[in-house]
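The values are calculated or read from the model by the stated rules, or taken from the named source; none is laboratory data. Quantities reported herein were computed from a predicted structural model and do not represent experimental measurements. Here Cβ is always computed from backbone atoms with ideal geometry, including for glycine, and neighbour counts include all displayed protein chains. The area values use the complete protein model at the heavy-atom level, side chains included, leaving out ligands, DNA and RNA. Shrake-Rupley method; radii C 1.70, N 1.55, O 1.52, S 1.80 Å.
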Amino acid sequence: MSRIKIKYILSNEGQLLIGQRITVKGWVRAFRSNRFIQINDGSCLSNIQAVIDFEKYDEGIINQITTAAAVSVSGILVASIGTGQSVELQADAIEIIGAAHPDEVQKTVLQPKKHSLELLREQAHLRFRTNTFSAVFRIRHNVAYAIHHYFHEKGFYYLHTPIITGSDAEGAGEMFHVSTLDPLSPPLDSDGNVDYKQDFFGKPVNLTVSGQLEAELAALALGQVYTFGPTFRAENSNTSRHLAEFWMIEPEVAFNDLKDNMDLTEDFLKYICSYVIENCQEDLQFLDQREKQEQSQKPESERNEIGLIERLNFVIENPFKRLTYTEAITVLLNSNHHKKKKFKFPIQWGIDLQSEHERYLVEKEFKCPVILSDYPAEIKAFYMRQNDDNKTVAAMDVLFPGIGEIVGGSQREERYDVLLEKCKAFNIPEEELWWYLQTRKLGTVPHAGFGLGFERMIMFVTGMTNIRDVIPFPRTPLNASF
């Protein structure tokens, strides 16, 4: 008999299975009174209860029905007379597919008790089996699907940009080097430097920090494209907001200006939040309750003012407030929060705003998502379009409640002479980006795009506060386990 997933059995359509003999396969979450088995197969948060008459089974079988054991259970699906479930399985056949040794279970987070997120990270190979992480990763899948669906419906083309690159899109210099040379005795040139001409690619290359520059090339032919792939930063930042390996979504659109870019970003983010609300209700409600329990244990001054589901609706229902960086600095300087010296970081024109400033604008001042634009050129990347004031660039950041910046983007500099000067100012050799510069001589057009950190978005829609808890196997300084 073929297996039926628990998610389907517990759905409205699954009610049609009542009275039929079915088979479920999954892992034992609990076994009570030698009679009630709670089984989960990962298809949804909920378990299904199988009821057995233990007198009909060998003691050897009963003894193997332990937490984490993989089982196949067949029987008649009936309406449940107990509380907590609408249906249950009256089992008449049980097979132990994979035993779980109790002494091994006791060493792991599979023990049926509450575990810290830190311990769960240490056992990342097992944390998928917990309610919290199964919910997080089901939502992660749904958000990824929503992103592809959105762009497909809008007529974008999905572009796979290189993971190994010879350029530094951000000018940051904090990149992972890729080489096949012997690190202990690399070949040297006549000046005593490493001779990269003998390396695999014949020159120094790195893992990419962004697919944006390549996406621009495609947008100037295909009109509108997006990337969705892994990116890497060798920043030695051991914080709750940084990863060495993470995923980015980067659309690029020919003929778009900064306003078009803002419109696209707002519509895109609202779509993702709406999709999660509509398609991840069970997992979302579980994570919402989990967050409320955690918040209740914090001092009142540190609690989130609005819950997880409320925050998603906050994004969906409110038009995003748009103002310039200069206007935001004025708002912050005039705020009572600043006058009472409640900000930890100073505020003045030219600074890179901190998360506390961004959250104040969203949560206290405007009470809606915020898009800031026209940032000082000195704190933004070389490829952003220079404004007429020669002090600011056509950049934008989207700020969300509870998290601050979630998207960064800009209108790109399409003028060859201006872009060449920007490269010089950022010490970017012309020969390194000759191909990028050349596009500005061959039918150049205004164009714009943005970058959304996928994990940052998953943090927002799940309420998880550490970025390491929204990616299956986090890569951080001194940590490349699993």
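A few points about this structure:
- Nearest 10 degrees, 0 to 90: helix 131-153 Cα axis against the chain principal axis: 50
- Relative to the longest principal axis of the Cα atoms of the chain, the long axis of helix 258-279 lies at roughly 0 degrees.
- Within the same chain, lysines fewer than 8 places from LYS342 are excluded, and of the rest, those with a Cα less than 18 Å from its Cα are LYS364.
- Enclosed volume per residue, in Å³, of the convex hull spanned by Cα atoms of segment 1-61: 105
- Normalising by residue count, segment 377-477 has a Cα convex hull of 154 Å³ per residue.
- For the chain, the mean residue ellipticity at 222 nm estimated from helices alone is -9000 deg cm²/dmol, where every DSSP H run of n ≥ 4 contributes -39500 (n - 2.57) and the total is divided by all residues, rounded to the nearest 500.
- SER33 - accessible surface, heavy atoms, 1.4 Å probe, Å² rounded to 10: 90
- Here ARG322 and GLU430 are evaluated by their C-beta separation; at R0 = 41 Å the FRET efficiency comes out at 0.70.
- Rg/Rh for segment 1-155, where both radii come from Cα atoms and Rh is the Kirkwood radius: 1.02
- On the principal axes of its alpha-carbon atoms, segment 317-431 has extents of 49, 32, 23 Å, going from largest to smallest.
- Overall shape of segment 150-305 was characterised from the C-alpha gyration tensor. The equivalent ellipsoid obtained from it has semi-axes of 39, 26, 13 Å, in decreasing order.
- Using the Stokes-Einstein relation with a Kirkwood hydrodynamic radius computed over Cα pairs, the translational diffusion coefficient of segment 181-246 at 25 °C and a viscosity of 0.890 mPa s comes to 161 µm²/s.
- Overall form of segment 96-213 per C-alpha gyration tensor (a/c, 1.5; a/b vs b/c): oblate
- Set of aspartates and glutamates with alpha-carbon distance to LYS154 below 15 Å, sequence-local pairs under 8 removed: GLU250, GLU252, ASP260, ASP263, GLU266, ASP267
- The chain: C-alpha gyration tensor shape, a/c 1.5 cut-off, then a/b vs b/c: prolate
- R0 of 25 Å, Cβ-Cβ distance LEU333-VAL445: FRET efficiency to nearest 0.05: 0.05
- Accessible surface, the chain, averaged per residue in Å² (probe 1.4 Å): 49
- Principal axis dimensions, segment 243-378 - Cα atoms, whole angstrom, descending: 46, 44, 34
- Put PHE268, PHE137, PHE345 in order of accessible area, highest first, and with a 1.4 Å probe you get PHE345, PHE137, PHE268.
- By a 1.4 Å probe calculation restricted to protein chains, CYS368 has an accessible surface near 10 Å², given to the nearest 10.
- Probe 1.4 Å - accessible area at HIS148, Å² to nearest ten: 60
- Accessible-area order (highest first, 1.4 angstrom probe) of the listed residues LEU442, LEU45: LEU442, LEU45
- Beta bridges assigned by DSSP with both partners in the chain are antiparallel in approximately 85 percent of cases.
- Nearest-ten-degree value, helix 416-425 long axis tilted from longest Cα axis of the chain: 80
- Accessible-area rank, largest first, for TRP435, TRP247: TRP247, TRP435, with all protein chains present and a 1.4 angstrom probe.
- Ranked by how many other beta carbons lie within 10 Å on average, peptides 336-344, 281-289 from highest: 281-289, 336-344
- Spatially proximal aspartates and glutamates relative to LYS292 (Cα-Cα < 15 Å; intrachain offsets below 8 disregarded): ASP283, GLU300, GLU302, GLU305, GLU310
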